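In what follows, a single structure is set out as structure tokens and then discussed.
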Amino acid sequence: MSLPPGFLDELRTRASLSQVVGRKVMWDARKSNQGKGDMWAPCPFHQEKSASFHVDDRKGFYYCFGCHAKGDAISFVRETENVSFMEAVEILAGEAGMPMPERDPRAAEKADARKDLADVMELAVKWFRLQLRTGAASAAREYLERRGLNGEVCDRWEIGFAPDSWQGLWDALKGKDIADELIIGAGLAKPSTKGGKPYDTFRGRIMYPIRDARGRAIAFGGRAMDPDDKAKYLNSPETELFDKGRSLYNVKAARVAAGKGQPLLVAEGYMDVIALSEAGFQAAVAPLGTAVTENQLAMLWRISDEPIITLDGDTAGQRAALRLIDLALPLLEAGRSLRFAMMPEGQDPDDLLKSSGPAAVQGLLDAAQPMVQLLWSREVEGKNFDSPERKAALDKSLRDKIMLIKDPSIRSHYGQAIKDMRWQLFRAGSGTGGGGGTGGQRSAKPWGQPWGARPALGPSAGAKSSALANAADTHVTEHLREAVILAACISCPDVVEPFESGLESMACRNNDHRVLRDLVLRHAPDGAAMLRDQIERALGPDALENLLSQRHVAITPCIRKPGDTETTSMTIAEELAKLAAVRGLVDEVSDAVDDLSGEADEGVTWRLAEAARAADRAQRIGQEDKTEYVIADNGARLDRDEMARRQSMYDQIDFSKGGKKGP
């Protein structure tokens, strides 16, 4: 809504800043000079004992010499009441007796109709509160007492009672000459389908008034006293005043409390909100009997950048939290998110407060999980990732969820956080529990009983010592190859992502290699500079230089030409393939040596032969002869490049003078 020129100037002139501020502070009589409009008080925006908050009533501005807060009457109302600009203008205009500008005649009519409905709702609030004091409400009062709500608390929350009669409220409002259409339009009564008198919407229920952000009564929530009632809780129908998906219980008081620094808590029901507020957690709200809607989420974020969802610890509460994640992901913005404090199983905030007190609730709030952690838990909890296919399914599910985030920066940070948690789950050597490691055990040997009944032959000492020597050589080779792979990844971290699975599977028996591998997996997306900085922090300033200066690393093409992504990718792929081939060879040789403790048969011989051929293939990876040859007249193969070099040399010689040609 746009305001006409001069409206705000007139409002600032007519609204006394000292009167507006005076509702929130205690003036210092010694420093203040009311006659000159020069007023001093302790600042309402930060805790202090001295009067450093100055109001210049004539100029209409305030300033705090402690926290440097400053502004005019509108900004003061916005900050202290935690309301929007237009809401602050409406509050000040109402106090100054200035009518708000009307948009158009129809808007004015609607505003008048809403005001009339709000007036009827206030009459209903008073009538329900009076009924709570009658003999018919004795059971309701006993119930409230059992829930810890005495008369003072009930008055504070304006709790009332709807008698179990068909036209109790209707007759009371008609006695005040309220029109039928207003009573029905406010959702307080329903027309009879049998042609009789309209009947009350709420009967035999404890009544909780629902107010909007401006404090107007817009609806009711009613709890049935009859345990057999099909609807335990019943809300008002939607009206001109009330839109369930755009309303929150206790929103006005919560907004004020959140503006003073209290965390905004989202509970499930009226009693949870009341219990939290009475225990000191006054910035508590609740959706009205349904899951949080997109509009309600927007309202929450207008109050606080990071509301804490305090849902019940039962299955329904957990499902509601998970649904809220899917709703919130596309709406995330920088600095705006949700945290989740799950109550103990079978308890809600009211139960926890009664059993363990406010300290227990505060402990859960302090330990509230960020949304990315709950997203991860939802995808992995109770699942086993003991196969590549299951791991791939997890990756796809998480990737699909992250892609819902529209903000590219937040999407990137979510991806990195998920990658860190994935590494913790699948870190090398973590075993099979919970899906770590390779996720499976080696199968039993497929070999059956040997032919014949020959006596068992033990392995010869030579066979064992040879196997140990080969194993030692293999470990050395693995170490060298790992050094090349890690150096290549560090020199060009942009190529790391396709090789993450292979990097995770590296044995890394050397501790420095293990640390480097983990840092590469976690920080490669952050770029080379960040990765090198993390390595220096973890292993010291010389670690990277020591790695790159090793002779077998320094001669690697991708190290000599840093930034060459194609060469680096080929190097990493080739070295990982060699590591995998050698690991397979070692496993087969180990099995064959173990089998020598039994009968030596053709199966063992065949497996050893295959192992030898595999070893030969592994050593030849990347070493194929790529030389181009030409066939000479005598049938000999000649290196084409070597012939070209020799021809070039011959062209430089002047044979007629017995020496080289001149320039």
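Close contacts from segment 7-20, counting a first residue that is in contact (Cβ under 8 Å) with a residue 12 or more places away in the chain and a second that is assigned to a helix (DSSP H, G or I) and surrounded by fewer than 14 Cβ atoms within 10 Å (Cβ to Cβ), with Cβ to Cβ under 8 Å and a gap of 6+ residues or different chains, come to Ser18/Gln34. Being more than 27 Å from the chain's Cα centre (by Cα), assigned to a helix (DSSP H, G or I) and among the polar types (S, T, N, Q) is a condition met by at least one residue of segment 547-564.
Across segment 227-242, which residue is surrounded by the most Cβ atoms within 10 Å (Cβ to Cβ) among those that are without any contact (Cβ under 8 Å) to a residue 40 or more places away in the chain and assigned to a loop (DSSP other than H, G, I, E, B)? Among them, the one singled out is Asp229. State whether one or more residues within segment 276-291 are more than 29 Å from Pro44 (Cβ to Cβ) and modelled with pLDDT of 90 or more. Taking every residue of segment 276-291 in turn, at least one turns out to be more than 29 Å from Pro44 (Cβ to Cβ) and modelled with pLDDT of 90 or more. The residue of segment 384-403 that is farthest from Ser505 (Cα to Cα), among those that are hydrophobic (A, V, I, L, M, F, W, C) and surrounded by fewer than 16 Cβ atoms within 10 Å (Cβ to Cβ), is Met403. Going by the structure shown, is Gly187 part of a loop (DSSP other than H, G, I, E, B) and crowded, with 21+ Cβ neighbours inside 10 Å? So Gly187 passes the test.
One line per residue, one yes/no per condition, for (1) hydrophobic (A, V, I, L, M, F, W, C); (2) touching a residue at least 24 places away in the same chain (Cβ under 8 Å); (3) touching a helix residue (DSSP H, G or I) at 6+ places or on another chain (Cβ under 6 Å):
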position: Ser277; (1), (2), (3): no, yes, no
position: Val285; (1), (2), (3): yes, yes, yes
position: Leu288; (1), (2), (3): yes, yes, yes
position: Ala291; (1), (2), (3): yes, yes, yes
position: Leu300; (1), (2), (3): yes, yes, no
position: Ser304; (1), (2), (3): no, yes, yes
position: Asp312; (1), (2), (3): no, yes, no
position: Ala321; (1), (2), (3): yes, yes, no
position: Leu324; (1), (2), (3): yes, yes, no
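The set of residues in segment 243-261 that are in a loop (DSSP other than H, G, I, E, B), buried (at least 22 other Cβ atoms within 10 Å of the Cβ) and not hydroxyl-bearing (Ser, Thr, Tyr) comprises Leu248, Asn250.
Residue count for segment 505-516, restricted to those that are part of a helix (DSSP H, G or I), under 19 Å from Asp420 (Cβ atoms) and touching a helix residue (DSSP H, G or I) at 6+ places or on another chain (Cβ under 6 Å): 2. Taking the criterion of being without any contact (Cβ under 8 Å) to a residue 40 or more places away in the chain and either surrounded by 19 or more Cβ atoms within 10 Å (Cβ to Cβ) or closer than 14 Å to Pro287 by Cβ (or both), the residues of segment 326-338 that qualify are Leu327, Leu338.
The values are calculated or read from the model by the stated rules, or taken from the named source; none is laboratory data. Predicted model only: the values in this text are computed from it and were never measured. Counting neighbours? That spans all protein chains shown, and the Cβs are built from the backbone with ideal geometry, glycine included.
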